[in-house]
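Take a look at the structure set out below.
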Amino acid sequence: MTASADTSLLADLSWPQVSEHTILLVPVGATEQHGPHLPFDVDTMIADAVCRAAAAQIGGHVRVAPALPYGASGEHQDFPGTLSIGTEALALVLVELARSAKTWAARIVFVNGHGGNLDAIARARDILRAEGAPVSWHACRHGGIHADRPETSIALHLTPGRVAPWTAEPGTAGSMSDLLPRLRESGVRAVSETGVLGDPSGADAAEGAALLDRLIADLVRHVQEISG
């Protein structure tokens, strides 16, 4: 028995199934270290999961593009395994994707899972709006910093077998606004040897499910607002 296609996923469809009324959700993630206890694709995984669930709830012509797994993660480059394309390249990718999508989609929404992508997304949005493209963006705001309790809880909910909670340990404490100047100047490793910002202690899959539900509801509201 073969699995049936998910009609909310663009990659599962053929072109006659794609409507000119499509609202296209584009998950924008990253491939970067998330401490010793989480996989590299946490940001991509969360953005993709939020998009899929929101599309399923809204229905209609909402479609989810294949996730972008590379972002602007230069602040994590001192940790082996991190793959970053940087702000300029990411902005260009987003602009060209939207230029392509706007020939058939009614709306395009970049759904961001990594804070380091914000400058690139803002730059791409400004260029695209100046061209008249129907584009907006939405951030997956879970209330955490990096590889701390919120992200760990969501990962435990989504893919528990890929989390190693026994290796988790508290990282550098402080708010992102306090840490950001040092992160931009010297990178994450200069601030935290483990790559963790915040404390993953007490992470729980049930808490992660509740956080994810909130992120999904936020995106559903955004899509409904722009659909008017």
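Computed from the coordinates by the stated procedures, all read-outs in this text should not be read as laboratory data. Note that the structure is predicted; figures quoted are calculated from it, not measured.
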Considering only the chain, percent of DSSP beta bridges that pair antiparallel, nearest 5: 15
Percent of alpha-carbon pairs separated by more than 23 Å within the stretch 1-118: 34
In degrees, nearest ten, helix 42-58 long axis to first principal axis of the chain (Cα): 40
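Which semi-axis lengths, in whole Å and largest first, follow from the square roots of five times the eigenvalues of the Cα gyration tensor of the stretch 177-227?
Numbers: eigenvalues 190, 72, 9 Å².
Equivalent-ellipsoid dimensions as semi-axes: 31, 19, 7 Å.
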Debye equation applied to the C-alpha atoms of the stretch 62-175, log10 I(q)/I(0) at 0.14, 0.21, 0.24 Å⁻¹: -0.70, -1.23, -1.41
Unit Cα scatterers, Debye sum, the stretch 118-228: log10 I(q)/I(0) for q = 0.17 Å⁻¹: -0.95
Kirkwood Rh (inverse of mean 1/r, distinct Cα pairs), the stretch 27-86, angstrom: 12.3
Built amide H within the under 5 Å cut-off of GLY71, gap 5+: THR31, ILE85
Amide H within-cut-off set for ALA139, under 5 Å, with H built and near neighbours excluded: ASN112
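Which value, in nm² and rounded to one decimal, describes the direction-averaged projected area of the C-alpha convex hull of the chain? Intermediate values should be presented prior to the final figure.
Numbers: hull surface 52.8 nm².
Average projection, Cα convex hull of the chain: 13.2 nm².
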